[in-house]
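> Attaching a single structure in structure tokens format; questions to follow.
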There are 2 protein chains.
Amino acid sequence: MYSSNLIPVKNALKIIRNTKMNFYKEYIPLKDANMRVLGEDIEVLVDVPPFDRSAMDGYAIIAEDTSNASSSNPLYLEIIDEIGAGTESKCTMSSGKAIRIATGAPMPLGSNAVIMHEDTELIDNKIKITRVILPNKDIAFKGEDLKKGEVILKEGQILGPHYLSVIASSGYNKIKVFKKPKIAVIITGNELVEPTTDLKPGKIVNSNKFAMKGLVEDSLAFSHIIHCEDDLDKMIEKLKDCTQKYDVVITTGGTAISKGDVVADAVNSLGEVLIHGVSIKPGKPFGFGIINDKPIFMLSGYPVAVAVQFDIFARNYILKMQNITKEFDLIKCIAGEDIKSAHGKCNIIRSKLENNIVYPIRTKSGINKSIVMSNCYIFVDEDTEIIKKGEECNILKYSSFKVFE
Amino acid sequence: MYSSNLIPVKNALKIIRNTKMNFYKEYIPLKDANMRVLGEDIEVLVDVPPFDRSAMDGYAIIAEDTSNASSSNPLYLEIIDEIGAGTESKCTMSSGKAIRIATGAPMPLGSNAVIMHEDTELIDNKIKITRVILPNKDIAFKGEDLKKGEVILKEGQILGPHYLSVIASSGYNKIKVFKKPKIAVIITGNELVEPTTDLKPGKIVNSNKFAMKGLVEDSLAFSHIIHCEDDLDKMIEKLKDCTQKYDVVITTGGTAISKGDVVADAVNSLGEVLIHGVSIKPGKPFGFGIINDKPIFMLSGYPVAVAVQFDIFARNYILKMQNITKEFDLIKCIAGEDIKSAHGKCNIIRSKLENNIVYPIRTKSGINKSIVMSNCYIFVDEDTEIIKKGEECNILKYSSFKVFE
């Protein structure tokens, strides 16, 4: 049987971290890969540019023709062809000739420099040049951006728009990425109904399902949200089904005095409960277990506790399954008021940071509104009972949870 | 006819900002509203909690019964019923009685306090109480979280998971949000093909379409990406079609020496070109125009210029259409090398920030790879020609472009 002794937050995190984690990869079309995580190294398959090309709108010339050109000794070159991007010239250059060329068009055979349009004067079918142009001027050389065989991006890279562009240029139309984990969220509670203005006696709105869908989305994963009554047999059935079909299961609620701790009992009967009760406030009843090699995060029913438990215990695990390693980005700032803390517990206090000064939002624990009034948590460790106004404290900004490139 | 004189960046931004902007709103299911922008104030429709409820697992009692209770004078109350969350008790309390109650269950008629489970001892069908409990203890009162009629969120709020939870509790199942703009991206260039390792002569991979799809997604908008040859008539046709069906049009490329400046000419023939050429490097050929009241952002063909032009001119406009106001979040840091800048132009230099020191990525302008090697832009204004190693400079981190709650 599992124990219900409270364990310190850091022990709980260690247990979760040490649980064997399953990684999955899949091939997807490159166009859908923004904000996905690369599951392979990208080796460049083609030189970029694939040929020597003009870096300017102008004229392809033989640089040596211009060696004596100046205002007092202008040079005239005959225009023998014109190349736009995407086409090639059939002509071969020889001394005294020029070919009009667009940015990006391949350098014609025999040419070795480009003179910018602005540096020439067009007279009939000739251009007048009054300056010396050195060989290689304004040519983008084959392979100078990406060299065939070069490893340009490494497995684990979070992909942004420009990464896709570079991967496309490297010759890939689809790529291997880490699979987004599929997360089943089982919301328990007989009292929960859909949002309505006509609540029957004893019923409340199932608000957790909306928060959970968003939290899973913010963790770049897929959610499947179901409801389960506070009933041990039904919970066992749902857990059995979900641990077969999904990569992770998250539950909310399920501590009903009349029925016992339905969720933990159900997990215990199918697998193993590794954590049940953590010295954290709010969120003490948090549990974690394993069924069929799949992790089960057992969260509270109260929205505020759900938020804290998800942020502290579940979010980074889900990201890690996609090979995104995030640590808590604790920063120091100044307490704007005295902050009292429950001794022996890690207190995670919803707070508002303004100009480097942080103010706790003082509400009862059941006040969901406090989450949207706050923008950070103050972290108070187990040994601290009070932080005085003006003293330093550790905070974790909500914005630090976001994943970006 | 439009002029091609270069205008300063800040003038270009002013022209874009002063263009009449169209806002659209729509109703969507609340569950899909994570990361959307609220298009209405949210007035609470039902009290939350909707009834006085227990904040603890314990026993509902009449507080006055305990007024003399102590270890030496224990009180015994008879348990007459049990209420789980989601149900009501049919019993009415009277002195000497207690009702077992779950967290979240409605307070029974006649009770006025809850004593926590841990503070009692169960003996047969009675509980033993050895302390005084004050009235209202551990009750969550009707409306104490959300009060009916209260405006809890304002139009323009970017919605995160917990906002959805609060809106659900307030009684809403769908809400009005700003519509995501539909953005047509017209990629021009006869030389462009899909990613392949078998490039025909003169052809290159259409990498911009991948970057553009991601950039539009990062701006929380929908993209529709099409290709157009470098041909004036075809471009006019596509622009006509896209300005009817989409909210914004973005073009890339279209300056083909053999054909003239196809895109700007096409915009000019259907509407008005307001900007054509900006004193910015890279990205000088940037254009902006209006057709059928719809904005047209004309970007370059080179990926690096596309990135800069999108970031400086287009991104914040697209966000603003969703009522998200972003300013450039310029921060100061120290130049790790001498940085030379083209005089008279705003230089936007791809750079790498490391420990508050910034190093420009030194590559030719056509080197797409530089975007993924960098994490910020150094901004050098028109009047500055050199920033010496060790001097302060202004940078814009790529991460600052992201939108979060």
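> Do you know which of the residues in segment B:59-99 that are crowded, with 23+ Cβ neighbours inside 10 Å and within 14 Å of another protein chain (Cβ to nearest Cβ) is nearest to A:D231 (Cα to Cα)?
B:A85
> Go through segment A:257-274 and count every residue that is touching a Phe, Trp or Tyr at 6+ places or on another chain (Cβ under 8 Å) and either within 21 Å of A:M212 (Cα to Cα) or among the basic types (K, R) (or both).
So the count comes out to 1.
> Could you name every one of the strands (runs of 3 or more DSSP E) located completely within segment A:53-126 that has at least 1 residues being in contact with a Phe, Trp or Tyr (Cβ under 8 Å, 6 or more places away or on another chain) and over 19 Å from B:G366 (Cβ atoms)?
Those strands (runs of 3 or more DSSP E) span A:75-83, A:97-101, A:120-123.
> Condition check: touching a Ser or Thr at 6+ places or on another chain (Cβ under 7 Å) and either more than 19 Å from A:N368 (Cβ to Cβ) or touching a residue at least 24 places away in the same chain (Cβ under 8 Å) (or both). Does A:T243 satisfy that?
For A:T243, the condition - touching a Ser or Thr at 6+ places or on another chain (Cβ under 7 Å) and either more than 19 Å from A:N368 (Cβ to Cβ) or touching a residue at least 24 places away in the same chain (Cβ under 8 Å) (or both) - is not met.
> While we're looking at this one, here's another question. Out of (1) buried (at least 24 other Cβ atoms within 10 Å of the Cβ); (2) part of a helix (DSSP H, G or I), the odd one out for A:G283 is which?
For A:G283, the failing item is (2).
> If you don't mind, another one. Please indicate, with yes or no, whether at least one residue in segment A:214-230 is at the interface with chain B (Cβ under 8 Å from one of its Cβ atoms), touching a Ser or Thr at 6+ places or on another chain (Cβ under 6 Å) and not in a strand (DSSP E or B).
So far as segment A:214-230 goes, yes, one or more of its residues are at the interface with chain B (Cβ under 8 Å from one of its Cβ atoms), touching a Ser or Thr at 6+ places or on another chain (Cβ under 6 Å) and not in a strand (DSSP E or B).
> Now a separate question. Answer yes or no: is there a residue in segment B:263-270 that is in a loop (DSSP other than H, G, I, E, B), in contact with a strand residue (DSSP E or B) (Cβ under 7 Å, 6 or more places away or on another chain) and modelled with pLDDT under 95.
No: segment B:263-270 contains no residue that is in a loop (DSSP other than H, G, I, E, B), in contact with a strand residue (DSSP E or B) (Cβ under 7 Å, 6 or more places away or on another chain) and modelled with pLDDT under 95.
> Only residues in segment B:6-23 that are surrounded by 12 or more Cβ atoms within 10 Å (Cβ to Cβ) count as the first member; pair them with residues that are of a type in the set (S, T, Y), Cβ under 9 angstrom, at least 6 apart or cross-chain, and list the lot.
B:L6/B:S279; B:I7/B:S279; B:P8/B:S279; B:V9/B:S279; B:A12/B:S279; B:I16/B:Y317; B:T19/B:Y317; B:M21/B:Y317
> Of all residues in segment A:348-364 being touching a helix residue (DSSP H, G or I) at 6+ places or on another chain (Cβ under 7 Å) and of a type in the set (V, I, T), which is nearest to A:I395 (Cα to Cα)?
A:I348
> Still on this model: Criterion first (away from chain B (no Cβ under 14 Å), touching a Pro at 6+ places or on another chain (Cβ under 6 Å) and surrounded by 16 or more Cβ atoms within 10 Å (Cβ to Cβ)) does A:I349 satisfy it?
Yes.
> All but one of (1) assigned to a helix (DSSP H, G or I); (2) touching a Pro at 6+ places or on another chain (Cβ under 7 Å) hold for B:S400; state the number of the condition that does not hold.
If we test B:S400 against (1) assigned to a helix (DSSP H, G or I); (2) touching a Pro at 6+ places or on another chain (Cβ under 7 Å), just (2) comes out false.
> Now, a different point. When you go through (1) more than 9 Å from every other protein chain (Cβ to nearest Cβ); (2) at positive phi; (3) surrounded by fewer than 21 Cβ atoms within 10 Å (Cβ to Cβ); (4) out of contact with any Leu (no Cβ under 8 Å at 6 or more places or on another chain) one by one for A:G202, which number turns out not to apply?
(1)
This table checks each residue for (1) within 30 Å of B:V151 (Cβ to Cβ); (2) in contact with a Cys (Cβ under 7 Å, 6 or more places away or on another chain); (3) among the aliphatic types (A, V, I, L, M).
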| position | (1), (2), (3) |
| --- | --- |
| B:F51 | yes, no, no |
| B:I62 | no, no, yes |
| B:S71 | no, no, no |
| B:G96 | no, no, no |
| B:G104 | yes, no, no |
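> If you don't mind, another one. Return the pairs, sorted by first residue and then second, in which the second residue is surrounded by 14 or more Cβ atoms within 10 Å (Cβ to Cβ) and hydroxyl-bearing (S, T, Y), the first residue lies in segment A:326-354 and is closer than 21 Å to A:V403 by Cα and in contact (Cβ under 8 Å) with a residue 60 or more places away in the chain, the beta carbons are less than 6 Å apart, and the residues are 6+ apart or on different chains.
Filtered contacts from segment A:326-354: A:D329/A:S400.
> Condition (residue is surrounded by 24 or more Cβ atoms within 10 Å (Cβ to Cβ) and more than 7 Å from every other protein chain (Cβ to nearest Cβ)) applied to segment B:147-158: is it met by at least one residue?
Among the residues of segment B:147-158, not one is surrounded by 24 or more Cβ atoms within 10 Å (Cβ to Cβ) and more than 7 Å from every other protein chain (Cβ to nearest Cβ), which makes the answer no.
> Inspect all residues belonging to segment B:6-20 and state whether any of them is modelled with pLDDT under 95, assigned to a loop (DSSP other than H, G, I, E, B), more than 24 Å from A:I204 (Cβ to Cβ) and within 14 Å of chain A (Cβ to nearest Cβ).
Yes, segment B:6-20 has at least one match.
> For segment B:292-325, which residues satisfy the criterion of being touching a helix residue (DSSP H, G or I) at 6+ places or on another chain (Cβ under 9 Å), assigned to a loop (DSSP other than H, G, I, E, B) and farther than 25 Å from A:L164 by Cα?
Those that are touching a helix residue (DSSP H, G or I) at 6+ places or on another chain (Cβ under 9 Å), assigned to a loop (DSSP other than H, G, I, E, B) and farther than 25 Å from A:L164 by Cα: B:N292, B:D293, B:I324, B:T325.
The values are calculated or read from the model by the stated rules, or taken from the named source; none is laboratory data. Keep in mind that this is a model prediction, so the values were computed, not measured. All Cβ positions, even for glycine, are placed from backbone atoms using ideal geometry, and neighbour counts span all protein chains on display.
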